[in-house]
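The values are calculated or read from the model by the stated rules, or taken from the named source; none is laboratory data. Owing to the predicted nature of the structure, the values given are computational and were not obtained by experimental measurement. For neighbour counting, all protein chains shown are included, and Cβ atoms are generated from backbone atoms with ideal geometry for every residue, glycine included. Ligands, DNA and RNA are stripped out before the accessible areas are found, and what is left, the full protein with its side chains, is counted by its heavy atoms. Shrake-Rupley method; radii C 1.70, N 1.55, O 1.52, S 1.80 Å.
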Amino acid sequence: MNVEQRYRFLYKPLVFVAALAPLAWLVCGAFGWFGASLGADPVKKLEHECGRTALQLLLLTLLVTPLRQLAGLPHLLRLRRMLGLFAFFYVALHFTVYLVLDLELNFGTVLGDIAKRPYITLGFTALLMLIPLAATSTNRMMRRLGRRWQKLHRLVYVIAVLGVWHFYWQVKRDVREPLVYAGILALLLGYRVVRAVARRRVTSMSGSATAPERT
């Protein structure tokens with residue numbers, strides 16, 4: 001198989017299965033299959049695991065570009081859309097568990113939590129921002145929006161920051177895990193900033209070199 005065929009028939013199916021694995025484990029835990037368990041508070045466990053999986057997938061989505069550039073693997077872009085959509089899926093599932101199983105569709109409580117509890121405000125804002133990104137993830141929408149598509153999808157950086165912040169504020173005692181995510185996110189965003197600055201310097205130097213001398 002050539003590179004395109006490997007990504008289409010091998011790598012994409014593997015990523016698809018891997019992204020569904022956390023959900024499969026949660027389903028097994030909910031029904032007690034294969035010795036899996038959700039513990040003493042299954043609803044909170046579901047909420048936490050869905051949110052954590054969403055954050056991990058979001059960071060993996062941001063990892064694609066630097067890994068592609070540093071390792072010289074341009075075809076990795078073929079996996080970014082799938083990772084992003086799965087991140088949205090788990091964020092939506094995280095909110096659905098909170099809304100349906102935790103609050104039992106008590107929308108008054110939901111609105112009160114969003115207004116009064118900052119970490120829920122951040123998480124809900126991230127969810128709302130993810131919706132247009134998921135809705136415009138098709139090739140058709142990319143062509144239709146043109147350059148606006150890239151500008152819109154830069155919201156993923158803000159969403160990632162909100163997601164890590166949401167996790168940090170949600171954890172009341174042991175903040176080591178959200179701090180690890182914050183460190184990874186800082187590296188991923190820092191890489192982009194450094195590369196953008198370097199690119200501007202190269203462009204500026206090229207422009208200076210090609211400019212005609214004044215007499």
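Worth a mention:
- With respect to being charged (D, E, K, R), open to solvent by 30 Å² or more (accessible area, probe 1.4 Å), touching a residue at least 24 places away in the same chain (Cβ under 8 Å) and part of a helix (DSSP H, G or I), R68 falls outside the description.
- Out of M142, M205, sole residue that is at pLDDT below 95 and either loosely packed, with under 12 Cβ neighbours inside 10 Å or in a loop (DSSP other than H, G, I, E, B) (or both): M205
- Condition check for G29: farther than 22 Å from F124 by Cα, of a type in the set (G, A, S) and open to solvent by 70 Å² or more (accessible area, probe 1.4 Å): no
- When L101, L59 are checked against the criterion of being touching an Asp or Glu at 6+ places or on another chain (Cβ under 9 Å) and in contact (Cβ under 8 Å) with a residue 40 or more places away in the chain, a single residue qualifies: L101.
- Screening segment 124-139 for residues that are in contact with a helix residue (DSSP H, G or I) (Cβ under 8 Å, 6 or more places away or on another chain) and polar (S, T, N, Q) and picking the one that is most open to solvent (accessible area, probe 1.4 Å) gives T125.
- Top-ranked residue in segment 147-176 [being over 21 Å from L127 (Cα atoms) and charged (D, E, K, R); ranked as least open to solvent (accessible area, probe 1.4 Å)]: D174
- Some residue of segment 163-174 being modelled with pLDDT under 95, of a type in the set (K, R) and either over 17 Å from F89 (Cα atoms) or assigned to a helix (DSSP H, G or I) (or both): yes
- Extreme residue, least open to solvent (accessible area, probe 1.4 Å), among residues of segment 71-123 that are assigned to a helix (DSSP H, G or I) and of a type in the set (D, E): D113
- Summed over segment 145-156, the residues that are without any contact (Cβ under 8 Å) to a residue 24 or more places away in the chain and part of a helix (DSSP H, G or I) give a count of 8.
- Scanning segment 1-26 for residues that are of a type in the set (V, I, T) and surrounded by 13 or more Cβ atoms within 10 Å (Cβ to Cβ) returns a single hit, V15.
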